[in-house]
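Structure record follows, encoded as structure tokens.
The values are calculated or read from the model by the stated rules, or taken from the named source; none is laboratory data. Because the structure is predicted, anything quoted here is derived from the model rather than measured. All Cβ positions, glycine included, derive from the backbone under ideal geometry; neighbour counts span all protein chains shown. For accessibility, only protein heavy atoms count, side chains too; no ligands or nucleic acids. Shrake-Rupley method; radii C 1.70, N 1.55, O 1.52, S 1.80 Å.
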Amino acid sequence: MLHGDFGVSYSIQTNMPIAQMIGGRLAITVGIGLEAGVLGALVGLILGVIAALRRHTTWDSAATVIAVLGVSLPSFVFALGLSYFLGYRLKLFPILFDTSAPLSSSVLPVIALSMFTLASVERYTRSEMVSVMESDYMMLAQSKGLPKAKLVINHALRNTLISVITVLAPLLVNLMTGSLVIEKIFSIPGLGSLYITAIQSNDYNVVLAISFIYSVIFILTMLLVDILYGVIDPRIRLAGGRD
């Protein structure tokens, strides 16, 4: 496995090297997962900050509704709704994935896949932002006459990002490994659809290979999160140096 040799397929494509089977599919799955993660994180962060700064207003209520819908409804519901309205009725984007037009074909699955991440990030951002804004050191900084923009960006948002990244890390992994239903709905030739086919065909070599790849992605993502902690909060680096 460390050399990229996962054996051959027994039933899906007999005697075909598994590394060759998953090569192109891995790039598609990781690409769509990263796009959905970035979209969900950015939009969720923006909505969370707006909701925290505009508490008990229409903006806060609208962000709360989006968060509740994003957490409550599964991704395949959004996928079917987007396919019907934006794909079938308005014909803005293709319903099925087309490898010759990957950008336009990825719009609907990326949006559907990002909704849960968007809602989760928005909820945690709002909660942490409100807590930070009401803390003593923020009141002290405000009493010194610091501009509100500097307070929000340099102090409140930076402290909020630590908790948000902790939540975002497993969500990002789930986007890249848990898009099985979305890939089936949009006929995306990714690892998810191959994973399901391998399970149904009892092709154990393929199942083990994809499981191994998912595990590596999870470990690398969590490692990246630990590194980002030190980048965002220098106190973590200093504490580690004293140890």
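General remarks:
- Checking Ser100 against (1) under 27 Å from Leu194 (Cβ atoms); (2) open to solvent by less than 30 Å² (accessible area, probe 1.4 Å), the condition it does not meet: (2)
- At least 1 residues being of a type outside the set (Phe, Trp, Tyr), at pLDDT 80 or above and open to solvent by 60 Å² or more (accessible area, probe 1.4 Å) is the threshold, and among the helices (runs of 4 or more DSSP H) wholly inside the range 160-243 those reaching it are 180-185, 191-200, 204-232.
- Test: residue in the range 8-19 that is small (Gly, Ala, Ser), over 17 Å from Ala198 (Cα atoms), crowded, with 19+ Cβ neighbours inside 10 Å and in contact with a helix residue (DSSP H, G or I) (Cβ under 7 Å, 6 or more places away or on another chain): no
- Flag for Leu39 being hydrophobic (A, V, I, L, M, F, W, C), at pLDDT 90 or above, open to solvent by 60 Å² or more (accessible area, probe 1.4 Å) and within 16 Å of the chain's Cα centre (by Cα): yes
- Cβ-Cβ under 7 Å pairs, at least 6 apart or on other chains, the range 201-227 side closer than 20 Å to Gly23 by Cβ, far side aliphatic (A, V, I, L, M) and outside any helix (DSSP H, G or I): Ser201/Ile12; Asp203/Ile12; Asn205/Val8; Val206/Ile12; Phe212/Met1
- The set of residues from the range 77-107 being touching a helix residue (DSSP H, G or I) at 6+ places or on another chain (Cβ under 9 Å) and more than 15 Å from Ile32 (Cβ to Cβ) comprises Val77, Leu80, Gly81, Ser83, Leu86, Gly87, Leu92, Ile95.
- Scanning the range 139-154 for residues that are open to solvent by less than 60 Å² (accessible area, probe 1.4 Å), without any contact (Cβ under 8 Å) to a residue 40 or more places away in the chain and within 30 Å of the chain's Cα centre (by Cα) turns up just one, Leu151.
- Residue list for the range 107-138, filter: aromatic (Phe, Trp, Tyr) and more than 23 Å from the chain's Cα centre (by Cα): Tyr137
- So Leu80, is it of a type in the set (A, V, I, L, M, F, W, C), in a helix (DSSP H, G or I) and open to solvent by 80 Å² or more (accessible area, probe 1.4 Å): yes
- Pair list, Cβ under 9 Å, 6 or more apart: the range 39-56 residue touching a residue at least 24 places away in the same chain (Cβ under 8 Å), other residue open to solvent by 60 Å² or more (accessible area, probe 1.4 Å) and polar (S, T, N, Q): Gly48/Ser127; Ala51/Ser61; Ala51/Thr64; Ala52/Ser127
- If you go through the range 108-147 and pick out every residue that is part of a helix (DSSP H, G or I), out of contact with any helix residue (DSSP H, G or I) (no Cβ under 8 Å at 6 or more places or on another chain) and not polar (S, T, N, Q), you end up with 3.
- Any chance Ala62 is within 16 Å of Ala41 (Cβ to Cβ), free of Cβ contacts under 8 Å to residues at least 60 places away in the same chain and surrounded by fewer than 22 Cβ atoms within 10 Å (Cβ to Cβ): no
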